[in-house]
Every structure is written in structure tokens, then in C-alpha cells.
Amino acid sequence: MTPVQDHKKAAFLEQFSKDEEVLLASLPHLQASVKDALEELEIPHRRTESWKYTRVNKIINKEWKTGSSNAPSSNSLFPNWEGSRVVLVNGFFREDLSTLKPEDGLVLTSMKDASKQHGEVLGQHCASLSGQKEELFEAHNLAFAKDGLFLHLNKNAALKGSILLENHVSGQRTSAQNRNLIILEQGAQLNMIVAHYGDQEDPIFSNDLSEVFVGENAQFTCDLVQSYQGEEQFAINTIWANQAKNSRFTLSTSTLQGNWVRNNVNVRVSGENCETNLYGTYQLRNKQHVDNHTMIDHKVPHCESNEHYKGILYDQSTGVFNGKVFVREDAQKTNAFQQNGNIVMSDNASMNSKPELEIYADDVKCSHGSTTGQFDEEAVFYLMARGISEQNARELLVKAFVGEVLEKIHHPEVKALFGEEE
Amino acid sequence: MAYEGDDLLEEVTGKEYEFGFTTNIESDKAPPGLNEDIIRLISSKKNEPEWLLEWRLDAFAKWSEMQEPEWAHVNYEKPDFQSISYYSAPKKKPQLDSLDDLDPEMRATMDKLGISIEEQKRLSGVAVDFVMDSVSVATSFKKKLGELGIIFCSMSEAVQEHPELVKKYLGTVVPKQDNFYAALNSAVFTDGSFCYIPKGVRCPMELSTYFRINESGTGQFERTLVVADKGSYVSYLEGCTAPQRDENQLHAAVVELIALDEAEIKYSTVQNWYPGDKNGAGGVFNFVTKRGLCETRSKISWTQVETGSAVTWKYPSCILKGDHSIGEFYSVAVTNNYQQADTGTKMIHIGKNTNSTIISKGISAGKSQNSYRGLVSINASAKNARNFSQCDSLLMTDRCGAHTFPYIEVNNSSAKVEHEATTSKIGEDQIFYCLQRGLNEEQAISLIVNGYAKDVLNKLPMEFAVEAQKLLAISLEGSVG
Amino acid sequence: MKPLLSINNLQAEVEGHEILKGLNLTINPGEVHAIMGPNGSGKSTLASVLAGNEDYDVTGGSVDFDGIDLLDIDASERAKEGLFLAFQYPVEIPGVSNINFLRAALKEIHEHKEIDPLTAKEFLAKVKEKSALVELDGKLTNRSVNEGFSGGEKKRNEIFQMAMLEPKMAILDETDSGLDIDALRIVAQGVNAMRSPERSFLLITHYQRLLDYIVPDFVHVLYKGQIVKSGPKELALELEEKGYDWIKEEMAL
């Protein structure tokens, strides 16, 4: 690292290191490695393979302050939600804004409380999946996160309804780094909607990380929705999941708005007969930039994964898709499918797609595909020749294009955000 | 640092050194190590013009500041660049009295490839009258080309005979600082091939280094430059299917192709360098930079069948600069035992209506690692650019790896880029079906693998294709796990 | 009688190649016209130009459709004015269901005509009625537009759409090509059921065969971008018998 970079990194980290209430304080076994990682890891740059198409200078070079824990939350995309609603503001769990419906087998509390009341479970799981030793921003999250959601489902607990988790970040130059821990014991079932809002136009930096443990026979389904409204809003959303045998993990990521969004989804498939599904959509306008990085690590035989991301790029927007599938030596009989489709609508927009397969077992069926192009003008003409106006024809085709992914979204409330009629 | 010391030394001794050096060397082999003096020695031995020496020295300066790349999906012990000798005078292959002196394993392979006894003798350097025949063939061949104005000679000869062409085109497609190995090659290349096809001429025969190698021997740092002037056509063959042993572990060649307006270059390679033994010991490191530049309505087509080398690092690429230009890449890469290959292509679309096709077929066996790495980059200026890529991997055992790393960068709205990749095991049901019809396992595998690689093999010139098919079968013998 | 369609000295080119070289044609309400001609004479270009495909550049002439300057409006507006093209190669549109697509089209056409939109029930009843007309399987109407349809199904789907949209004028571009006799009969039956004193048809075909099933009032021969001969339905038989060479010879004189 050059002295300039070193200095930049120190100045950036300096802004966060001012108080003592971090979760790490109660995780002594992690402290040394986090400290080392922050010292050793470089600021990602153009030659950092995993950050090849996304620049972080704008985050590093700006001033940030830790957001207030009692800031108000603004509008929700789900005002009529009747189930449990968990609200985090600036990374802090807000009981006053949340509506919690107690259910059998469910422990739902703040990470801050969990570090006291469920210290052992938290200590065992927290940061056991994530990559704080490899990724500067993951180390940053672990070093400075103060709160988040702690959710534990007991054996065979199945919730009646879905849980809505809403993350708001607001306030000038606010940074928020929360850390969530979700544990599904054997046979448990959980459906979630996770919404991220960059409230108003405030410049914000959100570095959010969740670890999800899907136990044997357990099922986890989550629809992630992102709506960052301001221009100077930077968001890193990282999810780490581990699957025990016979489990299912399904995640959809819909980026409705976001000027600078980086999503990292990493799934370790550690047990046999698992199913992993990752879906994503993005429709980017103006100068928006969205980078979806996914990793599915097949470590054991007889598992299946499906991955499908589709996006449309308008104006000067830029999109990145980097999907990595590992099939380890022992993971025979793996079926892995990965597809990324893009439509570039403007000459000033660009798309970088990198679907990767790393395969070390032979008895597998793996395929990936990536297409980037434009509308089939013949289809536009065909629709117009039946009396549909050009604009409506194009809208119909946009819907048809992303429709394949939208139909995989679990919650009708999320589908409705795309104007899908059911 | 030692380099600074050398600089200092040169400053002190000054110009005198430059002139006096060559006479100080009695032997025809330079001492191991790389510094400016060695480069001056190479240049002077080859009687090169001043500009070329400057060019080499500049490349060396740039190389000295570069790091050996580590991004490829290969593991090997990095060569010690100071222990290599960068110059030795061309010498004849050791002469054997009869084929009986030849390594029996090598001979068996040649038999299987269907190489005739005479040919085997020639390839392995057995002294027979036959070699004379070969020379006479080469001579009549050269005469015919000369009548058409086609220049086909060694790079050293081209530097002497056609300096204006070499100076105009050398390093224009692969700049000397392009990458670590290209910079090294630029500094120390000893020989290679040069080919120029004049305007509107269609080269009547396949040009092959096969003929030229007999004259001067292959180099460790080969440099090839092919220029097809406007409206011309040439098909160029490189390498041969016979196994090639080489005492040099590191090979870092550079190939530059230039297709001027409406020209077409077809460049076919069969690479069968010594891959090391079954335990992964020895074997050639093949770090090659191959790139072509396409002007308006021109076409460059790379076809390669790669079965050799311990470590391969190779991305024959096309810069589609001219409008309506076409780039193609057809590749079969086989890895067995402990071989590692990281190969693919780059298609850089700059001109309008440019079109590229990538067909890559990887076959992994033994404990080998076979990676496809490719870039399709569509610049904003490349309106209506099209690319289609198909990258398939076939796995023969449960100990090998097959990896796909495509980079797709699209920067305009009228481009269409499609990439497809599949990875699967060789079909046991297919093998069984063949066995049931009376074939043995080797025949069955050969049949299936050749079918799998057909799209690429079909692009090779006829006689090459037949040999390549046999080569695939031999490379995979006994490989089903 | 006021003509429904009148084409005057129409000239068009594609990628710089002149295809239509001053074509004239008048079609009155209720008439069925057939245009025949050898390959490359410009038949399909004519259909595409009339429907408003922007790949073709109109370089001269005019087209009046029921008092409207057809060349002045885009493909969608032409459809709304009642011009229908049954495509020679109907495109597949994955993800867009046949039903939603027709509903969207009908809604826009009705809005344009200031007619109350159909209720869902009325719409479905209409789908049922019209799909029966061309013996189109109900399952196909729920699938994506033309996706995975056989050649014959695609052509029947075109006629089904025509029946749903009830245009003033329908152009059938080689609808008979690639159809077996049964499919041809079904397509013809659909077209014949649609014939009325107000509605006109322009059949573009290479073979006389279609005209056994849909009997035209007039037959025209298109050659090198112009209509070189017109006559009653018997002209088609004559063409079938003698081929196009005699026309070429006549032209050469």
C-alpha cells in the first residue's frame, strides 16, 4: 500500500473509532484479528478483482459521523403491513417504532441486548461466516457495528406470518453499520422482507451485514428491497449464509433505487440435499450504479442452486454482476445454474457481467449464461402493429423481461412494488 | 538494488563498454542473467540497427519495474529470470544415429500420430538423406511465394532485409510494456517469423513455421509478426502435433497480427510442448501474448488446439478497430495429469458493426486445472457490435478442475452480447453405448471427445485437423477416472 | 364508392436498395385483392411498408387509408385506425402472455375509437368465440405470444388476433406458406367468416392454392416493384399454369 492510501485509510477509519459501545467489545476473541485486518487490508482499487468495476473513493474521501440512535424514520414502502415489523434507524434497533408479535419459539431482540442475554449463542455465531479477514468493509462493519437485529428460531418453529425488517438511515453525513444475526434451528421456517431506505436526500453511508444460519431441514425465504433516494448515498449490503443439510435458502434482491449500491451475497452450502435460490432485479436510471456480487460455495454432494439476475440500464447508469459458483472436490451431483440478463437502453449506460464457475468435481451439471443487448425491435413492431403504442409496447417488454425474476419473489407486497397485478 | 548498481557501472564505463563488449565474449552462449549488457550483446550478435536496440532497452527498463502477474488460475514456481541464459547461437539439434536412440515413449507417440518413419527421423534430428529433400521442398516453396511478393522469413532476416516493415509494425499491436512476459520478450527475443502479404494477394498455400524451424530452430522467446496488407489473405500454421521436448522451461512468445482493410488472417496453432511427467515434474511454462489488430472490414481468426505445456497462459485476442471487422477464436484445450491451463481470448470492439465469435472447449483430465478466461469489451463507439461466446468444459475425472471466468463489458445500447457456458462430465452412458457397439474404451473416448470438439477442429486446415484429432485421443489416453 | 385504401406511386427502399418502384393500387370496402409475384418482387416489402415497419424507407408516393395519410402515422396508430397485418414470420415474445397482450391492444384501440372498454367477462367470452373460429387450443391463448408455437399455430394465432381486433382492412402476408391443407382450410375459414361489405382484404401469396379457399375479387401481379398486370380471379390460375415467365417476357416487349 502506498503511504497516501495508508493515510487515507487511517483518516477514514479514524472517524469511526471514537466510542466504546461497539458489539466487538463483548467479543474479545475477535478483537485481535479485526485490528490486524483493518491494518493490513487495502482500500479496494481498480486492480482489486472483487472491486474491479466499483470505485470506493467517494466513501473513503468523505467525512462521516455515526448516526443518531433516536432519529425519526420516514416513509415505509409497506404502510399497511399487519405482521411483525422491526425497525432499525441508523443501525440501531428501535423498539419504540417496531411492532412485535410474540410467537412460540421466537427470540427477537436487539444485538445489543443479545450480547448480554444470549452472549453464548451470539459469541458462537457472530463473525463465524463473514469475511472480515479478506474484506476491508466487512472488517469495518465488525469493528464499529453497535447494534442490529438478533433473531433466533427454535427447533421446528414456524412463524404464522412474515417478519418485515426496515432499515432507515437518515441525517447529514450519517454512517450506519449494523450487524444482524439470524439463526434458524433444525426444521424452523422463516419468511422475511428486508427493506433498506436512504431517507430523504441526506448523504449517507450504510454498511450493513447479516449472517444467516439455516439449520437442518430449515427454510429461509427473504425478499430484499432497496430504495436509496439521495444522490450521495452509498450502501454496502452483505449477507453471509450457511446451509445445513436438507435446507432451503431463497433470496431475492430488488434494487428500486440506489445511486451507489454494492450487494454481496455469499452462501456456503455445507449439508447435502440443499436448495439455494438467488434472484435479483435492477432497473437503473440517471447515474445510478449497482454492483451485485454473489458467491455460492458447494462443498458437499447432491445440492442444487439456481441463480437468476436481470436488469435494465437507462441513461448513464452502470451495472455490475459478478456471480461465482464453486463446486468443491467432494460436491458430486451438484446442479448449478446461473443466468444474468441485461438490457442496455442508452449509449451512455454500461453493464459489466462476470459469471464465473470454478469446478473441482466431475459428476456435475453446471451452466451459466450472460446476455446483454437491447429490445427485440421486431417484437416492438409486432406489438405496435396490433395497436399498442410504442411506449406501452416497450413497457410491456420491460415487464416481460424482468417478469421471469419478479415471479420468483415470495411476497405479493413486494411484487406489488413493480405494479404486478395478481 | 542490483539494477541500480548496473546502471552505475554503465555510467562509469560509459560508451566504451557498448562497443567493446561483444569481443570479450568468446563463447557463443551468454552467461546466465539479464541486464542491459546482455541485451546489447543479443542486439549486436544479430547485427541489429540502433533503433531496435533502443527499443529492446526501453522494453527492459519497463520490464524491470513490472511484477510477474498472479491473477491467472495457475500455481507454479516462478522462474528465476537471472538464472536463464538469454542468448546462444543457433545450433543444430543433436544428431542421432538411428531411431533406436530415440526415447521409446516419444517414438510410440509418433507412431500413434501416424507420422511416417522419414518424418519421425526428421523431427527427431536423425541424420538421413531425407533432410535434403525437405530443404529442397522448402526452397521451391519460397520461390513461389517470392513471385507473389510475399515475404516469409525469420525475424532476424526481416530485420536485415525489410527493416522499414519491421520498424513500422513491430510492437504496434502488443506494445512492449503490455505485460510482464511481453516486455521480457521485447527485450530479449532472439528470433521468430515474419510474414508480409502484399495488397490484394491471396497466399496460395498455408504458411507454416514447420518449414522455417528446420532452418534456424525455435527460440525460447519467439517473436512473430504477420502483416496482411489491404485485401490480402493468408492462412498461417504454427506448431506441430509431434511432441516437442525443450530444455528451456520458460517460453514467452509474442505474436502480432495486423490485418489492414479487407484483409483476412487465419492463424492456427497446435501446441504440444512437453507437459511434464505423470507426476507433474518438469514441463514447459508457456506464457504467450498473441494479439491481432483488425482494420476496416478485415477478419482475424484464431484457432488453437492446446494439449501440451505444464503451465499455459495464453489469450489470443482481437482488437476490432475498423468498422465491420470480424474476430474469431476457436479453441480446444486439453489438460491431463498435473497440467494447468489458463487460456481464452479478448475481443475488444471499437469499430461499428464489429462481430466476434468465441468457441472454447476445455477438456480436463487427471489432476489438471483448466480455466477459460475471456474478455468481451464493447466500447461506446462500437455501435451494433455483436458477440457470441460458447465456453464448454468437459471433465474426465473427479480430481480435475474446470473453471470459467468471462468478463463482459458493454458500453452502448445497440450491442448484443451472449455468453453461454456449460460444465459436465463425459457421458458414461455414451461410453457404454460405444462399448456395446464393439468399440474399446479409448476409441469411445476419442469418438466422444472429437465430437465435442468438432466445432473447433472443423476450423483447422484439413491435414492439421486429422492430426489434431489423433492428438486429442493420445493426450487423453487412460484418463477416465 | 370511396376507396378504403389507395396507394399512389409508392416507392420504398431497404438499406439503400430500391424495392418498390412506383406502385399503384386501389381497394374498395368489402373487396378481396390478391397480390402474387415471383420471389423478390417486393410483396412482403409492400406489407411491411403499409404496416409501418421503420426498417423500410418510403422515398416517394402516398397512401390514403380511409381518408387518413397512412404514411404520416406510426405502426400503432395505423393498427388503431383499423389496419391489420398478419405476419409472415410472427415473432416470439417470451414473458408476454397472448391474453394480456390482446387485452392491452384492444383497450388501446377502444380508447382510440372512444368505445367503452370490454369488461373482463365480455373479453373472455370474445376470446372463446374467436379462438373457436380458428380451432386454437385454449391453452395456447394463455401462453407467451407465439412462444413454442408450431408454424401452423402461429398462423392461426394471427387470424385469431385479426378476429379479436376486427380491423377495417387486413393484409395477410404469405399466411399460407408452410401450412398443410387442414391448417390452410382452418385459416381460410377464419378469414371467410370475417368477410363483410365493409372489410377489405389484401392477400399476399406466392401460390394460387390459398385462392381456392379464399376467392379474391381481383388478382394483381407484382414484378420488380410495380404492379404489372391486374385481372379477375382467373388470372391466378393462369399464373399457376404458366408460371411468371410469360409476364417477364411480356414486360420485356
> What number, in percent, do you get for the relative contact order of chain C if the mean sequence gap of Cα pairs under 8 Å and at least 6 apart is divided by its residue count?
Replying inline: 27 percent
>> Can you tell me what percent of all Cα-Cα pairs in region A:24-63 are more than 17 Å apart?
In response: 51 percent
>> Antiparallel versus total DSSP beta bridges in the protein assembly as shown: what percent is that, nearest 5?
In response: 15 percent
> What span do the alpha-carbon atoms of region A:3-271 cover on each of the three principal axes, reported in whole Å from largest to smallest?
Replying inline: 54, 38, 34
>> Counting heavy atoms of the protein chains only and a 1.4 Å probe, report the per residue accessible area for the protein assembly as shown as a whole number of Å².
In response: 41 Å²
>> Give the C-A buried accessible area in Å², both sides summed, 1.4 Å probe, nearest 100.
In response: 1800 Å²
> What residue among A:Asn259, C:Ser76, B:Ile363 has its Cα farthest toward the positive end of the dipole of the protein assembly as shown, where the charges are +1 on Lys, Arg and -1 on Asp, Glu, each on the Cβ?
Replying inline: C:Ser76
> Per the 1.4 Å probe, what fraction of the accessible area of the protein assembly as shown, in percent, lies on carbon and sulfur atoms?
Replying inline: 48 percent
> Normalised by the residues of chain A, what does the relative contact order come to in percent, with Cα pairs under 8 Å and at least six apart?
Replying inline: 10 percent
>> Among A:232-240, B:325-333, C:186-194, how do they line up by average Cβ neighbours within 10 Å per residue, starting with the highest?
In response: B:325-333, A:232-240, C:186-194
> Given a cut-off of under 8 Å on Cα pairs at least six residues apart, what relative contact order in percent is computed for region B:353-481?
Replying inline: 26 percent
> GluC sites (Glu not before Pro), restricted to region A:106-157: which are DSSP loop and have at most 16 other Cβ atoms within 10 Å?
Replying inline: A:Glu134
>> Charges on Cβ only, +1 for Lys and Arg, -1 for Asp and Glu, centred on the Cα centroid of the protein assembly as shown; of B:Thr289, A:Asn340, A:Gln15, which one is farthest towards the dipole's positive end?
In response: A:Asn340
> Quick one: Debye curve from the C-alpha atoms of region A:378-422, no solvent, what's log10 I(q)/I(0) at q = 0.14, 0.16, 0.30 Å⁻¹?
Replying inline: -0.39, -0.49, -0.99
> In debye to the nearest 20, how big a dipole does the protein assembly as shown give about its Cα centre with +1 on each Lys and Arg Cβ and -1 on each Asp and Glu Cβ?
Replying inline: 600 debye
> Rounded, prolate or oblate: which one fits region B:360-403, using the alpha carbon gyration tensor with axes a ≥ b ≥ c (rounded when a/c is under 1.5, else prolate when a/b beats b/c, else oblate)?
Replying inline: prolate
> Using 7 Å Cα-to-Cβ label points, what is the C:Glu111/C:Tyr89 separation (nm, one decimal)?
Replying inline: 3.2 nm
> Using the Cα atoms of region A:131-212 to build a convex hull, what is its mean projected area in square nanometres?
Replying inline: 6.4 nm²
> Put a dot 7 Å past each Cα toward the Cβ at B:Asn75 and B:Asn47; how far apart are the dots in nm?
Replying inline: 5.0 nm
> Using the scaling law 2.2 N^0.38 Å as the reference, what is the normalised Cα Rg of region B:129-475?
Replying inline: 0.99
>> Eigenvalues of the Cα gyration tensor times 5, then square-rooted: what semi-axes does that give for region C:31-135, in whole angstrom, largest first?
In response: 28, 18, 14
> Hey, got the average number of other protein chain Cβ atoms within 10 angstrom for residues in A:344-354?
Replying inline: 6
> Roughly how big is the A-B contact, given as buried accessible area in Å² (both sides, 1.4 Å probe, nearest 100)?
Replying inline: 2700 Å²
>> Can you divide the C-alpha Rg of region C:5-252 by 2.2 N^0.38 Å and report the result to two decimal places?
In response: 1.00
> Looking at region C:93-153, what % of the alpha carbon pairs are farther apart than 17 Å?
Replying inline: 44 percent
>> What number does region C:147-216 give for Rg over Rh if you use C-alpha atoms and the Kirkwood radius?
In response: 0.93
>> Could you order the peptides B:377-388, A:195-206 from most to least packed, using the average number of other C-beta atoms within 10 Å per residue?
In response: A:195-206, B:377-388
>> Report the number of Lys pairs in region A:306-422 whose alpha-carbons are under 28 Å apart, with separation of 8 or more residues or on distinct chains.
In response: 23
> Using the per-residue mean of other Cβ atoms lying within 10 Å as a proxy for protection, in what order, highest first, do the peptides A:62-69, B:335-342 fall?
Replying inline: B:335-342, A:62-69
> Rounded to the nearest 0.05, what FRET efficiency do C:Leu124 and A:Glu272 have when you use their Cβ-Cβ distance and R0 = 60 Å?
Replying inline: 0.80
> Tell me, what is the Rg over Rh of the protein assembly as shown, with Rh the Kirkwood radius over Cα pairs?
Replying inline: 1.02
> Of the beta bridges DSSP finds with both residues in chain A, what % are antiparallel, to the nearest 5?
Replying inline: 5 percent
>> So, R0 is 56 Å and r is the distance between the beta-carbons of C:Asp180 and A:Ser50; what FRET efficiency does that work out to, to 0.05?
In response: 0.45
> Over region C:133-179, how many percent of alpha carbon pairs lie in each 5 Å bin up to the one with the longest distance?
Replying inline: 5, 21, 32, 25, 15, 3
> Along the Cα-to-C-beta direction of B:Ala380, a point sits 7 Å from the Cα; which residues of region A:331-354 have their amide N less than 11 Å from that point?
Replying inline: A:347-350
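The values are calculated or read from the model by the stated rules, or taken from the named source; none is laboratory data. Quick caveat, the model's predicted, so the values are computed rather than measured. Every residue, glycine among them, receives a Cβ derived from its backbone with ideal geometry; neighbour counts consider all protein chains shown. All accessible areas refer to the heavy atoms of the entire protein, side chains included, with ligands and DNA or RNA removed. Shrake-Rupley method; radii C 1.70, N 1.55, O 1.52, S 1.80 Å.
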